[in-house]
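Have a look at the structure below before the remarks.
Just so you know, all these numbers are worked out from the coordinates, no wet-lab data involved. Bear in mind that the values here come from a model prediction, so they are computed numbers and not experimental data. Positions of Cβ are backbone-derived with ideal geometry, glycine not excepted, and every protein chain shown enters the neighbour counts.
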Amino acid sequence: MSTQHIAVMTHEVIELLQPNAGGLYLDGTLGGGTHTRALLNASGPNGRVLSLDVDRKALAAAKEAFGPYGDRWVGLEENFRNMDVAAESIGFAPVDGILLDLGFSSDELVDASKGLSFKVDGPLDMRLGPKSNEDGMTAAEIVNSWPEDDIAKMLETFGEEPHSHRIAKHIVEARKAARIIGTLDLASVVTRAINRRPGDKIHPATRTFQALRIAVNDELQALKQAMVAAHKILKPEGRLAIISFHSLEDRIVKHAFNEGEWNVVTEKVVRPTDQEMEENPRSRSAKLRVAAKS
């Protein structure tokens, strides 16, 4: 499977999910397919894996890559928030384990058509796929039509952006002159709004792009719904592993595991090893939590 994406904490995920031969496992975020392949190998010779993704390119690549596994693998175009419906529709439930890797794939980042990167010019879309949201909303719609206060609140809530109001003001001023249609156009507006200091390691548009992606794909609500759906289709003592990449997601996972009908497996959050962080810098912010259905 041709991919530029490097999945994080694959060893830790397998160690904690404990796949067994003959078991049923669900990868709610297929992406580059690394975790799916690990689950297939660890549950051999007859374990089965259902992979979900809203990205049709990822599913097409996986169909070719996992062909040798025969009916042990199946992929569906579906948002993980609907994993219960998807699994039950093909008789793939109850399941023994579920994985959600909430980071977006490097393949998606370099795909200019998705508009996720402030380094590659593309349309301000940011939907990960047609089923990313229910109303077809794009990032372009937000930056070109939302009121200034709503944009600022979105940037503050989903991006934890300290300059949210200044950026929102610059966006509204810029769109008066011309519609903001490209990723580099927006990145330029944000950069002008924030006086980047020499030595800053984070691009000025990083939090803005994060906030827009979360808003467009309804990521936080999708995560909450996914955890409910996961509990519904897991077998008793079946495990749910979730890898998050920012504090907003991790807080949701931690709260749900502590307050819901779960037995926490990872008392402390699991982080990548020093070696993995050195080899894959994007893994530095990853946090893994695992709980079993009570």
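Dipole of the chain (Lys/Arg Cβ +1, Asp/Glu Cβ -1, origin at the Cα centre): which of 18, 217, 236 lies farthest to the positive side?
Projecting each Cα onto the dipole axis, the largest value belongs to 217.
Rank 292, 180, 195 by how far each Cα sits towards the positive end of the charge dipole of the chain (+1 on Lys, Arg Cβ; -1 on Asp, Glu Cβ) and give me just the farthest.
Among 292, 180, 195, the one farthest towards the positive end of the dipole of the chain is 195.
Of all DSSP beta bridges in the chain, what percent run antiparallel (nearest 5)?
Looking only at bridges with both residues in the chain, the antiparallel portion is about 40 percent.
Have a look at 68, 130, 94 and tell me which one the Gaussian network model of the chain (Cα, springs below 10 Å) gives the largest fluctuation.
Ranking 68, 130, 94 by mean-square fluctuation puts 68 first.
Given Cβ point charges of +1 (Lys, Arg) and -1 (Asp, Glu) and nothing else, what value in debye, to the nearest 20, does the dipole of region 56-131 about its Cα centre take? Numbers along the way, then the final one.
Values: 9 positive and 13 negative charges, 38 e Å.
That gives region 56-131 a dipole magnitude of about 180 debye.
Let me know the whole percent of all Cα-Cα pairs from region 218-281 that are separated by more than 13 Å.
Counting every Cα pair in region 218-281, those more than 13 Å apart make up 68 percent.
Quick one: dipole size for the chain, taken about the Cα centre, charges +1 on Lys/Arg Cβ and -1 on Asp/Glu Cβ, in debye to the nearest 20.
So the dipole magnitude of the chain works out to roughly 480 debye.
What dipole magnitude, in Debye to the nearest 20, does region 135-217 give about its Cα centre under +1 on Lys/Arg Cβ and -1 on Asp/Glu Cβ?
380
When only DSSP loop residues count, what trypsin sites (Lys or Arg not before Pro) in region 107-166 have their Cβ near at most 14 other Cβ atoms within 10 Å?
Details: sites: 114, 119, 127, 131, 153, 166; in loops: 119, 127, 131.
Here the trypsin sites (Lys or Arg not before Pro) that fit, given the DSSP loop and packing criteria, are 119.
So what's the back-of-envelope 222 nm ellipticity for the chain, counting only DSSP H runs of four-plus at -39500 (n - 2.57) apiece and dividing by all residues, rounded to 500?
Here the helix-only value at 222 nm equals -13000 deg cm²/dmol.
To check my understanding: the extent here is largest minus smallest coordinate of the Cα atoms along each principal axis. What are those three numbers for region 118-190, in Å, largest first?
The Cα atoms of region 118-190 stretch 32, 24, 22 Å along their principal axes.
Rounded if a/c is under 1.5, else prolate if a/b is larger than b/c, else oblate: which is region 174-294, with a ≥ b ≥ c the root eigenvalues of its Cα gyration tensor?
It comes out oblate by the Cα gyration axes.
Given just the C-alpha atoms of region 1-155, how large is their convex hull per residue in cubic angstrom?
Details: hull volume 19.5 nm³, N = 155.
Hull volume normalised by residue count: 126 Å³.
Debye sum, Cα scatterers, region 179-232, no solvent: what log₁₀ I/I(0) at q = 0.24, 0.28 1/Å?
Treating every Cα as an identical point scatterer, log10 I(q)/I(0) equals -0.93, -1.08.
How big is D, in µm² s⁻¹, for the chain by Stokes-Einstein at 10 °C and 1.306 mPa s if Rh is the Kirkwood radius over C-alpha pairs? Numbers along the way, then the final one.
Numbers: Rh = 19.8 Å.
Once the numbers are plugged in, D ends up at 80 µm²/s.
Report, in degrees rounded to the nearest 10, the 0 to 90 angle that the Cα long axis of helix 148-159 makes with the longest principal axis of the chain.
Relative to the chain, helix 148-159 is tipped by roughly 40 degrees.
What's the ranking of 248-260, 281-293, 205-217 by average number of surrounding C-beta atoms within 10 Å, highest first?
Sorting 248-260, 281-293, 205-217 by mean packing, highest first, produces 205-217, 281-293, 248-260.
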